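Only one structure is covered here, and it is reproduced in the block below.
The values are calculated or read from the model by the stated rules, or taken from the named source; none is laboratory data. None of these values were measured; they are calculated from a predicted model. Glycine also receives a Cβ, built like all others from the backbone with ideal geometry; neighbour counts cover every protein chain displayed.
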Amino acid sequence: MNSQATRIGLPLAILLAFYFGVYRLPIKSGADQTILTVEQSRQMLDESRIRMRQGDYETAFKLTERLHTAYPNSHVYLEQLATISNRMKRYREEAEYWEEFMRDSPTPAEACPQLGEAYRRQGKNNEMVDACERCLALDPKNADSIFFLARAYEITSQLDKAGELYERGIALGQEYTDQTIGLARVRLRQGNVAKAEKLITPVVEKQPDNVDALLVIGLVLRREGRPAEAKQYLERGARLAPQYTDYFVVLGGLAEEEGRVNQAIRYYDQALQLDPADQVLAKRRAQLQGGTR
């Protein structure tokens, strides 16, 4: 009887010890020796998420950072720190947290495509390509990873690689319009205007408000020497997406070609309001302005 009680009691004692050891004892952080109980941690996590929804990212970040210090191996807090950093436009920090997440998380693919995007927003194109290649290696048939790596190759002017990947994405048979638009852009840049038009025309017919498709078909028609038709698509796209800088740059170029210098300057002014750092466009605008005096 006593031996049976011992056999039952010993596992129970172990379970109780585990419960009180893991769930009840305070947890000490490595950096500042701050002690957090599990209940405090839950409350802090809830509060940080509330602050995020309210747009109070600074407070949300500080709360989550404290949790990360207490639980440095928890990928949950790394993901939240990366997300908050993105909202705050702190893309360097975002990339660092996603890198940690990829190392520590049992599901590293959840850092995709955000990691590559964080590098892209910093203008770190080599790191962007590397991140996108790692993401695709985790799941070679993932349509999103195929698209983002293809776009990374396109951004870095590796057009043959980009085209191959876009075609691979299209071959999956999924309704992934961005793959087709990307391939049309690549073919246009490679000088295959007819192929670009063949690819982009059905997209515009099915999705007349797709601003990426409208830009591509506008570029195709401009290349074909059909400026009036190009302007119709480009002006529509600019109305739909007034924050899309490329529309005003292209429309300005068309206006220049037609000798409408003042109109070109107005378009370039709109583009520079959206992207003041574009020194090439600023120089071209100044040249035009000088020529009108």
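Some values worked out for this structure:
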| read-out | value |
| --- | --- |
| Which listed residue is more than 18 Å from G182 (Cα to Cα) and within 14 Å of the chain's Cα centre (by Cα), from R120, R90 | R90 |
| Enumeration of residues in region 270-293 that are out of contact with any Leu (no Cβ under 9 Å at 6 or more places or on another chain) and surrounded by 14 or more Cβ atoms within 10 Å (Cβ to Cβ) | L274, R284, L288, Q289 |
| Close pairs from region 125-145: first more than 12 Å from E110 (Cβ to Cβ), partner among the polar types (S, T, N, Q) and at pLDDT below 95, Cβ under 9 Å, at least 6 apart | A143/Q174 |
| Filter result (of a type in the set (S, T, N, Q) and either assigned by TED's automatic domain parsing to the domain that holds T83 or closer than 19 Å to D178 by Cβ (or both)) within region 126-145 | N142, S145 |
| Residue selected from region 243-263 under the condition without any contact (Cβ under 8 Å) to a residue 12 or more places away in the chain and assigned to a loop (DSSP other than H, G, I, E, B), by the criterion surrounded by the fewest Cβ atoms within 10 Å (Cβ to Cβ) | G259 |
| Contacts under 9 angstrom Cβ, first residue in region 88-117 being on the phi > 0 side of the Ramachandran plot and surrounded by fewer than 22 Cβ atoms within 10 Å (Cβ to Cβ), partner of a type outside the set (A, V, I, L, M) and at pLDDT 95 or above, 6 or more apart | K89/R121 |
| Conditions (1) at pLDDT 90 or above; (2) assigned to a helix (DSSP H, G or I); (3) out of contact with any Ser or Thr (no Cβ under 9 Å at 6 or more places or on another chain): number failed by E79 | (3) |
